[in-house]
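Values quoted throughout were computed directly from the atomic coordinates according to the rules given, and no laboratory measurement underlies them. Model, not experiment: these values are computed from the prediction. Every residue, glycine among them, receives a Cβ derived from its backbone with ideal geometry; neighbour counts consider all protein chains shown.
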Amino acid sequence: MFEEVSPQFTFAEKEKQTLTFWRENNIFQKSMDMHKDAPPFVFLEGPPFANAPPGVHHVLARIMKDAVCRYKTMTGHYVHRKAGWDTHGLPVEYQVEKQLNITNKAELEAYGVQNFIEKCKENVFQYEQDWREMTERIGFWVNLDEAYITLSNDYIESVWWVLRQAWDKKLLYQGHKVQPYCYRCGTTLASHEVALGYQEVADPSIFVRFPLKNKENTYLLVWTTTPWTLPSNLAVAVGEDYDYVAVEDNGQKLILAKECISSLFDDAPPEIIESYKGTDLRKWEYEPLFDSGQHDEKSHYIVTADFVTTTEGSGLVHIAPAFGQDDYDIGQKHNLPFVQLVGDDGKFVPDVKDVWAGEYVKDADPMIIENLDERGLLFKATEYTHQYPFCWRCDNPLLYYARESWFIRTTAIRDQMQQHNQEINWYPEHIKDGRFGNWLENNIDWGLSRERYWGTPLPVWICDDCGHQHCVGSIAELKEIGKDVPDDIELHRPYVDDVILTCEKCSGTMHRVQDVIDCWFDSGCAHTAQWHYPFENKELFERSYPVDFISEAIDQTRGWFYSLLATGTLLYDKPAYKNCLCLELILASDGSKMSKSRGNTVDPWTILNEQGADAVRWYLFTASPPWTQLTFQIEGVDEALKKFMGTLQNVYSFFVMYANLEQVDVLEDAPPVAERAILDTWILSRLHTLINKVRDDMENYHLTNAPRAIESFVDDLSNWYVRRSRDRFWGAEAGQDKQAAYATLYEVLVTVAKLAAMFIPFLSDELYRNLVGSLAPDAPLSVHLAEYPVADSELIDSVLERDMAFTREVISMGHAARNRSGIKTRQPLAEITLGGLSDEEKETVNRMASFVHDELNIKEIVFTEKLDTFAQVSLKPNFKVLGPKYGKGVQAIAKALATADTMQLKAELEANGSLQIEALGETYTLETSEIDMQTQNREGFFVEVDARKFVALSTELTHELVLEGMARELVNKIQNMRKDADFNVSDRIKLSVNTSSELVMEAFDTHRDYILAETLTTEVVESLGEKAFSLDQKLNGEPATLSVEQV
RNA sequence: GGGCUUAUAGCUCAGAAGGUUAGAGCGCGCGCCUGAUAAGCGCGAGGUCCCUGGUUCGAUUCCAGGUAAGCCCA
């Protein structure tokens, strides 16, 4: 006996019971342990931040990971699932600053770095409990208790080791990086913060004459909107392919882009004296406008650059490498000196001898403009309105500013990274050579350092005396060479800042650089640091690198996908991962981005509590491929629940209900498949085809096609197999066919539970445990400990599947014809006529005739060749065949066929196997295979026509048919009364029929046995007492009073 | 401004190595069935396959250029 399936339940409630079962029986752990010695499939969890509650997009990522890991487990792999947490970085610092009402570094230092760091540690795990609960509730199996945490000493030590490897390979260096910097807060800003603070402002827009060397009275006309950067000018950039001219202006020669003339000389166009290409100007030298100091490197000459435009300005761009990324890159490329005349405080340094020394740069703008004007170098000064970033905290304008930074020289390993990228399987594939490939191609060195507090400290110490630098690679080394290092040193600021080393060169005192590192470097070391390699777990690490599978959202191309690959390449010269499933964003139901500020986010808990985890999982798996954007619709979750899970649940409860009621032993006496009914062999064939399909999709990480195929199978199972087999389960006598039906449905349900286990782990397990656990106590406890199904090719009969599909198509057309005729299905009809079928198709219909009879309630199937009596016939060329053969002629043939006498051509074709037709003065001979015969609807609503066949209904009713229809009407009415009266399905009844209609009486007498059997009537009586359930009915228009009562 | 992606029915999505009647589910309308009831089934009405050019006998599909949306970068 199976456990009864109660009709009163919610999936969400049942899922909670399943969670308890898993927990109490350690199913997750067992599913890993049982494969301890199996080939490993290595999964690496991208560590989330737990300082905000999880959202639906996290649910998406987690179930994708889960499905792959579960699948791999069930197909016999050892899948270790270690969780991880990302913990360092600016977002945490800002949250803490906000809490403490700290607005700049000075306030923070005053509060105390140590206190601050302790607050950060608390903040990081603020929502850990939420994450744990969500993770468990959605059925994401990952081991949270052995999670790697990027703030742990072990993790940091491994990251230090990685940095040391880079150092030893000369890939870690100090340089400059242009960053948006707030002089008031004393900090650089991350890009997303910059995006917060754009405002429209008016800045000066000036055109300056730069006197050329060796060309008398000739000036470059240079544009800038930041006069304060002019003292740091070191070059002028032009566009390589632009046209430049020298024009005559008040006795001077000015050089500018030809296209800019009109915007700069509105009144009278000046005379053009000479013309050049951008490349011609290259290396021309000019006199510095201001004293920028003495340098070894050459400076103040023209270079070419691709960012120069002529839509604004003059086509000549002033370059100050200290203030702008483009400028900085130019400086690097041309080996310009580095001139930084502005200090951390946003003011000109005292070295500047001009009047603006010590002035805040923006305040110095007018002074500089005035100075240029006095010297006759100012051509034009106006204002320029544009978007400029301001500090989102203090509202001061940001300065783009080259700051001392530490870099990883990723450009040195770019070729290897590109090569490794080619070895990675990307899903979807276009990421490889698209977004990710492009990113690698344009790779620049990784700006690693952050002038902040909460992060992995950069383990570089510098000698105060001689400037010697040393990178520490382990705690042991730190203790060995550091002075008085506490035994339990914590590798965070401010604790490591206190460690002092002795310089090996000059015995001087070495202090650590103040920076921490980019937290993307932390998570990028996960493949190594999660094991505390190389200090521990050597073997484990070696077995786990590269990892088989990672999956995160697409924004990680520049984030984790990149950082893993970069560190992996740097350390081991191997790709860090083999398969990467790249997820897209989830949009809100209105198609816009989900964000807290818009208030259109979806709280996963609402859904988990109402519809449950399986429903939301199924929705996310099937709605669209995870790499396309999904517009999240709650209705979609409902649909998944009703459409798919409801259907599966119904089939399951149908099976359990009747198996228990009929006391069938499904495992005993199961007949060999070959001896089962055609429906059984058909559904088993479909099942095994499905197994192949699902496995194939899963091997290719297509997590959408697989469940979609399962859904379509379950639909067939319910709406064809069970529907057509219903009476085999409860009407038939015990015997081989009944056994076959039960055995088949049992096998199918158990297999579907296994097939779908990685998508709907809860419902699958419930089905499995009841169906298998009840009968086979030795079987695995849970579906998640079972082996994944393997297709038996012996059971696959593709011809049968095709034939069944064809039969259902014919039946569907029959339904349509019945609909048109308006005669309800309960009324039997004498015959249907089928036309346009090939001999093979006729044979198929004959073989499947019983389905057609039962579904359409007709007595006979007739075939006809006379298409034209029922449908309009037209002939068209088979374009696919004739197109390549005749080219242009094919259109003429089509025209000729359309205008010719169709019936005559058809006769010719049938007689000769070919026909002749004239088109464009040529005669073409066309074989049967080169012609498409198409049918269209002719008058009359009882015929259903598709492209090449039709189904016609005979609507004439004989007296016998009317009686039979009335008998079925009686059965229908009585069944409804049974239901209305709340009888059990197996209750036997007494029945009385009182009617003045002779037709009803005759039908009742004629079909008495049938009616009694269908309605479980054991006794027909004249009348029933008051207890009986009684109703006046109209039966096909005839009056009758029916009464029923339980025996 | 650059790169990548997407655009098919009211909504969510399939699809076609280019072939002349483009599919499904939901929703809507009509009907059926009910010994599966959080029911179920059938049928129907819904489409310039984003736009403009090009290649081709033939383009919604391939190419180019737009437009719109999203992400990333500047």
### Task
Show the residues, 5+ positions off or on another chain, whose built amide H is closer than 5 Å to the amide H of A:K380.
A:F207
### Task
Straight distance only, please: which lysines reach the Cα of A:K949 with their own Cα at less than 16 Å, same-chain residues fewer than 8 apart left out?
A:K842, A:K866, A:K876, A:K906
### Query
HN-Hα J couplings of the range A:716-725 from phi, Karplus 6.51/-1.76/1.60, θ = phi - 60°, integer Hz, Gly and Pro as x?
4, 4, 6, 8, 10, 4, 5, 4, 7, 9
### Query
Is chain A rounded, prolate or oblate when judged by the Cα gyration tensor, a ≥ b ≥ c being the square roots of its eigenvalues, rounded requiring a/c under 1.5 and prolate requiring a/b larger than b/c?
prolate
### Query
With each run of n ≥ 4 DSSP H residues scored as -39500 (n - 2.57), what mean residue ellipticity at 222 nm is computed for chain A after dividing by its residue count and rounding to the nearest 500 deg cm²/dmol?
-12000 deg cm²/dmol
### Task
Eight or more residues apart or on different chains, and alpha-carbon atoms under 21 Å: count the Lys pairs in the range A:242-357 matching that.
7
### Query
Assigning unit charges at the beta carbon (Lys, Arg +1; Asp, Glu -1) and nothing else, what dipole magnitude in debye, to the nearest 20, does chain A show about its Cα centre?
360 debye
### Task
Please list, or write none, the aspartates and glutamates whose alpha carbon is within less than 17 Å of the alpha carbon of A:K593, excluding same-chain residues fewer than 8 places away.
A:D555, A:E584, A:D603
### Query
Against the longest principal axis of chain A, how steep is helix A:889-899, in degrees 0 to 90 to the nearest 10, with axes from Cα atoms?
40 degrees
### Message
What FRET efficiency comes out for A:K880 versus A:N912 if R0 is 25 angstrom and r is the Cβ-Cβ distance? Round to the nearest 0.05.
### Response
0.65
### Task
Counting other Cβ atoms within 10 Å, keep those with at most 16, restrict to DSSP loop, and tell me which GluC sites (Glu not before Pro) in the range A:731-800 are left.
A:E733, A:E787
### Task
With a/c under 1.5 counting as rounded, go ahead and sort the range A:191-316 into rounded, prolate or oblate using the C-alpha gyration tensor (a ≥ b ≥ c being the square roots of the eigenvalues; past the cut-off, prolate if a/b is larger than b/c, else oblate).
oblate
#### Entry: Cross-link reach list, lysines versus A:K738, counting only Cα pairs under 27 Å and skipping chain neighbours closer than eight places
A:K754, A:K859, A:K979
## Note on the structure
Heads up, the range A:572-731 by the C-alpha gyration tensor (a ≥ b ≥ c square roots of eigenvalues; a/c under 1.5 rounded, else a/b over b/c prolate, else oblate) looks oblate
#### Entry: 0 to 90° range, to nearest 10: angle between helix A:113-124 axis and chain A longest Cα axis
10 degrees
